[in-house]
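Please read the structure below before turning to the comments.
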Amino acid sequence: MKPASFEYLRPGTVDEAIAALDHEDAKIIAGGQSLVPMMNFRLVQPERLVDINGIADLGQVTAVDGGVRIGALVRHAQAARDTMLGTAFPIIGEAMRHVAHVAIRNRGTIGGSLSHADPSAEWPLLVSLLDGAIEITGKSGVRTCGTEEFFFSPLMTDLEEDELLTGVVLPSLPDGAGMAFDEVSQRAGDFAVVACGAVVAMDGPCIGSARLALGGLGDTPLRATEVEVALTGATLDDIAGIVADCAVDLEPNDDMHASAGYRRSLAPVLARRVLIRAAERAKGKT
Amino acid sequence: MTAIDITLTVNGETMTTRAEPRMLASDFLREKLGLTGTHVGCEHGVCGACTIKLNGVTARSCLLFAGQLDGAEVTTVEGLGSPRRMHRIQEAFRKHHALQCGFCTPGFLMTVSEILETEELRTDDDIRDALSGNLCRCTGYEHIVRAVRELVNERDGVTA
Ligand SMILES: Cc1cc2nc3c(=O)[nH]c(=O)nc-3n(C[C@H](O)[C@H](O)[C@H](O)COP(=O)(O)OP(=O)(O)OC[C@H]3O[C@@H](n4cnc5c(N)ncnc54)[C@H](O)[C@@H]3O)c2cc1C
Ligand code: FES
Ligand code: FES
């Protein structure tokens, strides 16, 4: 299990990285925590490896107009500890604890996780839930896209071969919003069988607005938009009924980790749990 | 593919060695530098036997290329202590029989050296969670948890 030969480049800037990708068989390496296993198994054999770890600009979390920008090279462990993210989006720290293990969280990056597009992974679900804008830089400049346009299917995204995912902007949530994340996995650190995230804002005793995102139930992270509409104006006691059928029409994988039926039956359980927890956190703020 | 010069600091010593950039860091440490304390189990990031510290934090050396070590600061298990001058973590492992064949041990020691600084580890469940990225086929983990519990109590000034 050794990788095939490649040409190794270490650009120092985004422009140099884009130039280095102008090659018929080049691949970016960020944390390497998904790519290197595939190279060791020779499932992937790029001729050129473009290592972006030296591009310091990509490793920052910054306040931007209307939200927070997370650079593509921000590591899972760094995001979990970041105070700006901890204040604006405490759900990120809550979710990062479920991503792999300490050594992998020290290396793996948000940009790598989004580009890898595993439908059970935590970052794609969080960015979908938080209505993040994914920033993509190419030869002709920068473009942004939402998760619905970005994720096609497992390992398939809207990224072109010569484009670099440079960051994600998460728009601020209203002050009183509560949020929560939970998942079921076979062992600590394993990929989720099913994962759920929720954001809830209260309007007196009722739900003012709610968002619900589901992972592990399809080819991409999903937003349960019908459930979100039905939750508006509902009380906490109504939640279980509203989410009961949230996965009946979905066709999740049937594999060695879990059957499709088990995945479908986990969804409403986790959905109820995160919605109630998010609502209680929202109440605690008002 | 041609070899390149790789200059790095390993366990406090700066050196330059030639290797192909694609060589795994785990093989580089073992074969080029003779530091065979770093073990190789699965070569895809699952078992944790190859855990080292890269620029102060733990990393899987099987998921790093030698080329990426240029300019880096690496600590391997050899940098922790020696048979005559064991590190406190090594002593706790010896005392509690936290190893049998020892294959997984270097990885556990490196992980423990990090989590003692970064995690609260209030309960034994917390310890098991923090160690979940290191697999051991011999001990059943119980004695490893006991060794780490003693280290945590020592750190927190708790008498068990
Ligand atoms: C044992 C183990 C358990 C794991 N468990 C989990 C888990 O529970 N949940 C989870 O979410 N993940 C898990 N992971 C994966 C981990 O989170 C990876 O870090 C992540 O999926 C990829 O991030 P990376 O930075 O390591 O990317 P890399 O491995 O470097 O790259 C992955 C892919 O993305 C591309 N890429 C990387 N960065 C960019 C960029 N900026 N622009 C364009 N393309 C880019 C690469 O070319 C490659 O195709 C696990 C990994 C291991 C080894
Ligand atoms: S050999 Fe690196 S994690 Fe198993
Ligand atoms: S002591 Fe043998 S694998 Fe852990």
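Taken over the range A:18-29, the criterion of being in contact (Cβ under 8 Å) with a residue 60 or more places away in the chain and either open to solvent by less than 10 Å² (accessible area, probe 1.4 Å) or closer than 13 Å to A:Tyr8 by Cα (or both) is satisfied by A:Leu21, A:Ala26, A:Ile28.
Within the range B:46-69, the set of residues being open to solvent by 10 Å² or more (accessible area, probe 1.4 Å) and of a type in the set (Lys, Arg) comprises B:Lys53 only. Looking only at the range B:44-78, residues that are in contact with a Phe, Trp or Tyr (Cβ under 6 Å, 6 or more places away or on another chain) and facing another protein chain (nearest Cβ under 8 Å) come to 1 in all.
Screening B:Gly81 on (1) touching a strand residue (DSSP E or B) at 6+ places or on another chain (Cβ under 6 Å); (2) away from every other protein chain (no Cβ under 13 Å); (3) within 23 Å of B:Glu119 (Cβ to Cβ) shows it passes everything except condition (1).
The helices (runs of 4 or more DSSP H) found entirely in the range A:56-160 that carry 2 or more residues being out of contact with any Gly (no Cβ under 7 Å at 6 or more places or on another chain) and of a type outside the set (Lys, Arg) are A:76-81, A:83-88, A:90-96, A:110-116, A:122-129, A:147-150. Residue count for the range B:21-43, restricted to those that are farther than 16 Å from B:Cys104 by Cβ, within 10 Å of another protein chain (Cβ to nearest Cβ) and open to solvent by 10 Å² or more (accessible area, probe 1.4 Å): 3. Within the range B:70-98, the set of residues being surrounded by 21 or more Cβ atoms within 10 Å (Cβ to Cβ) and either more than 16 Å from the chain's Cα centre (by Cα) or within 13 Å of ligand 3 (Cβ to nearest atom) (or both) comprises B:Phe93, B:Ala98.
The single condition among (1) crowded, with 18+ Cβ neighbours inside 10 Å; (2) within 8 Å of chain B (Cβ to nearest Cβ) that A:Met1 does not meet is (1). Of everything listed in (1) under 26 Å from B:Cys136 (Cβ atoms); (2) over 16 Å from the mean Cα position of the chain (by Cα); (3) part of a loop (DSSP other than H, G, I, E, B), the single unmet condition for B:Glu31 is (3). Against the test of being within 11 Å of ligand 1 (Cβ to nearest atom), away from every other protein chain (no Cβ under 14 Å) and open to solvent by less than 30 Å² (accessible area, probe 1.4 Å), the options A:Glu122, A:Glu135 yield a single qualifying residue, A:Glu122. Looking at B:Thr159, B:Thr105, just one residue is under 19 Å from the mean Cα position of the chain (by Cα), away from ligand 1 (no atom under 16 Å from the Cβ) and not charged (D, E, K, R), and that residue is B:Thr105. Residues that are open to solvent by 80 Å² or more (accessible area, probe 1.4 Å) and assigned to a helix (DSSP H, G or I) were ranked within the range B:128-155; the one that is farthest from ligand 1 (Cβ to nearest atom) is B:Glu154. Given A:Thr83, A:Thr13, which one is open to solvent by 40 Å² or more (accessible area, probe 1.4 Å), within 26 Å of A:Leu129 (Cβ to Cβ), more than 9 Å from chain B (Cβ to nearest Cβ) and at pLDDT 95 or above? None of the other options fit; the residue is A:Thr83.
Residue-level check: of (1) within 14 Å of chain B (Cβ to nearest Cβ); (2) away from ligand 2 (no atom under 16 Å from the Cβ); (3) buried (at least 19 other Cβ atoms within 10 Å of the Cβ), A:Gly54 misses just (3).
The selection criterion, being without any contact (Cβ under 8 Å) to a residue 40 or more places away in the chain and either more than 10 Å from ligand 1 (Cβ to nearest atom) or more than 30 Å from A:Ala282 (Cα to Cα) (or both), holds for A:Gly146. Among the residues examined, A:Ala201 qualifies as buried (at least 19 other Cβ atoms within 10 Å of the Cβ), assigned by TED's automatic domain parsing to the domain that holds A:Val269 and among the hydrophobic types (A, V, I, L, M, F, W, C). The residue list B:Thr159, B:Thr75 contains one member that is among the hydroxyl-bearing types (Ser, Thr, Tyr), without any contact (Cβ under 8 Å) to a residue 40 or more places away in the chain and more than 21 Å from A:Arg97 (Cα to Cα), which is B:Thr159. Of all residues in the range A:241-261, those satisfying the criterion of being in a helix (DSSP H, G or I) and surrounded by 15 or more Cβ atoms within 10 Å (Cβ to Cβ) are A:Ile242, A:Val243, A:Ala260.
The values are calculated or read from the model by the stated rules, or taken from the named source; none is laboratory data. Remember, it's a predicted structure, so these values are computed and weren't measured experimentally. Cβ: placed from backbone, ideal geometry, glycine included. Neighbour counts: every protein chain shown. Heads up: the accessible areas ignore ligands, DNA and RNA and are worked out on the full protein's heavy atoms, side chains in. Shrake-Rupley method; radii C 1.70, N 1.55, O 1.52, S 1.80 Å.
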